[in-house]
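Novice: Here it is, the structure, as structure tokens.
The values are calculated or read from the model by the stated rules, or taken from the named source; none is laboratory data. Given the structure is predicted, the values throughout are model-derived calculations rather than measurements. Cβ placement follows ideal geometry from the backbone for every residue including glycine, while neighbour counts extend to all protein chains displayed. These accessible areas exclude ligands, DNA and RNA; they are computed on the full protein's heavy atoms, side chains included. Shrake-Rupley method; radii C 1.70, N 1.55, O 1.52, S 1.80 Å.
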Amino acid sequence: MAPINKKNLLIFHLTPFFSPNIGGVETYLDDLTSITSKNHLSQIIVTYSPLTSIVKAPFYWTSADKIQQIYRFPHIGFNLFHKLEKYPLLNFIYLTPYLLVASIIISFFHRKEHNIIHAHGLNSAIVGYVLKLIFKWPLIVNIYSTYDNVNFNSLFYKTIRFILNKSDKVLTQSNQSIEQLIQWGVNPKIIGRYYHWIDLSRFQPVSSPKSPQNFLFIGRLIPQKGVRIVLKLARIFPQINFLIVGSGPDYQKAIKLSKTLKNLKLFGEVPYKKLHQYYQMADVFIFPSLYAEGWGRTAMEAVACGLPVLGSNQGAIPENLNSSVSILFKPTLQNFQRQIAKILKSPKVYFKLQKNCRSYALKHFSTKNFSNLKKIYLSIPEP
């Protein structure tokens, strides 16, 4: 079978999370759909209204040239996703059936087109597989996480493994994730890589390097992201300003502490279009994730803005960054305390890392990273 013709191609994105919901996956999908449109590839996004963000968005949106359409179906929020993350079956019930019904309805009106299903995450992969059975469309699945301490022999994960092996392509970001998928039993021949990129014209340094005084954390304020370590560090180092961007269950705890600590500054949720301004206010980026990050987009943005990264060596972070721009270690309070003390005592360590940041970003985080995914889109054969 011949590859799909670019002019006839419609990419059908399935995802529970999309902007204006805030998160690394959502930001990547914004970048992906934007650059896909610039490459004149038509696409439809079927998703939910924001599940973990209070920002509202219209049910339907289309670009002026109709090359991109978004359907956002309203769903129950109240931070249920984060509460159910530890319970795969409940998480599946919460995210998947409704998305499946919505996707079937939208797909029906595009059943005669040459579509590729691009499912983002495991729950979307289940939906994508059903659509593939019904409409005979090719299926690409993006994996965004590594999965630790799970029973891969459970019925849920056996089902996921079956679905992934029935996909035309399974894409992931890191070597760790590839090894895990192979160990899981996914066919290595269908596993591929995709790479993040960022807007390097926006995420860039705006001032000359100075002694490290402002340490920045950006992320959801949940225990897994390590924000409680940052709050404790603010007590230990009163001479340093700790800037926190984000919201979540620990936000009230942070507000309470900020009333007694003048060096703890909270900014809440920030629109992504303004986020670069907060990196540009800081000197060092703190990345204390306690779990295996799938990639770590905020670290990319920080490095592009000239901020060395001080943080976790979990997951794919060490693949995304190297020792020329970061200091990575087991994310404990004691280790952060030790490394910050070293930087304060010997700023030369900081200046050496800072000097490398921009060139590292230009080499590794440009829009050239989309080329591999575009090649995959155009090489998938018609059914």
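Novice: When the chain is treated as a GNM, springs tying every alpha-carbon pair under 10 Å, which of S326, S107, S19 comes out with the largest mean-square fluctuation?
Specialist: For the chain, modelled as a Gaussian network with Cα springs under 10 Å, the answer is S107.
Novice: What's the carbon and sulfur percent of region 310-371's accessible surface, probe 1.4 angstrom, rounded to a whole number? Numbers along the way, then the final one.
Specialist: Working: 1740 of 3280 Å².
Heavy-atom surface of region 310-371 belonging to carbon and sulfur, 1.4 Å probe: 53 percent.
Novice: I'd like the Karplus ³J(HN,Hα) series for region 339-354: coefficients 6.51, -1.76, 1.60, θ = phi - 60°, whole numbers in Hz, and an x wherever there's a Gly or Pro.
Specialist: Values, residue by residue: 6, 5, 4, 5, 5, 5, 6, 10, x, 4, 4, 5, 5, 5, 5, 4 Hz.
Novice: Follow-up. Among D31, D250, D283, determine the one that fluctuates most according to a GNM of the chain built with springs between C-alpha atoms less than 10 Å apart.
Specialist: Judging by the Gaussian network model, the answer is D250.
Novice: Around L171, which amide H atoms from residues at least 5 apart in sequence, or from another chain, sit under 5 Å from its own amide H, with H modelled in the peptide plane?
Specialist: V141, N142, I143, G192
Novice: Report, in debye and to the nearest 20, how large the dipole of the chain comes out about its Cα centre when Lys and Arg carry +1 and Asp and Glu carry -1 on their Cβ. Mind showing how you got there, number by number?
Specialist: On the way: 45 positive and 17 negative charges, 161 e Å.
Here the chain has a charge dipole of around 780 debye.
Novice: What accessible area per residue comes out for region 98-193, rounded to a whole number of Å², with a 1.4 Å probe? It would help to have the intermediate numbers written out before the result.
Specialist: Details: 4250 Å² over 96 residues.
Value returned for region 98-193: 44 Å² of accessible area per residue.
Novice: Oh, and also: Have a look at A282, A102, A341 and tell me which one the Gaussian network model of the chain (Cα, springs below 10 Å) gives the largest fluctuation.
Specialist: Greatest mean-square fluctuation among the candidates belongs to A341.
Novice: Between the DSSP loop rule and a limit of at most 16 other Cβ atoms within 10 Å, which trypsin sites (Lys or Arg not before Pro) in region 220-293 are left?
Specialist: Working: sites: R220, K225, R228, K232, R235, K253, K256, K259, K262, K265, K273, K274; in loops: R220, K259, K262.
Listed in order of number, the matching sites are K259, K262.
Novice: Follow-up. Can you tell me, using C-alpha contacts under 8 Å and at least 6 residues apart, the relative contact order of the chain as a whole percent? Don't jump to the answer; show the numbers that get you there.
Specialist: On the way: 704 pairs, mean separation 60.4, N = 383.
Over the chain, the number comes to 16 percent.
Novice: Once you keep just the Cα pairs under 8 angstrom separated by 6 or more residues, what percentage relative contact order results for region 1-88? All intermediate terms of the calculation are to be shown ahead of the outcome.
Specialist: Details: 136 pairs, mean separation 23.7, N = 88.
For region 1-88, the relative contact order is 27 percent.
Novice: Which whole-number percent gives the relative contact order of region 106-261, counting Cα pairs below 8 Å spaced six or more residues apart?
Specialist: Details: 168 pairs, mean separation 23.2, N = 156.
Contact order relative to length: 15 percent.
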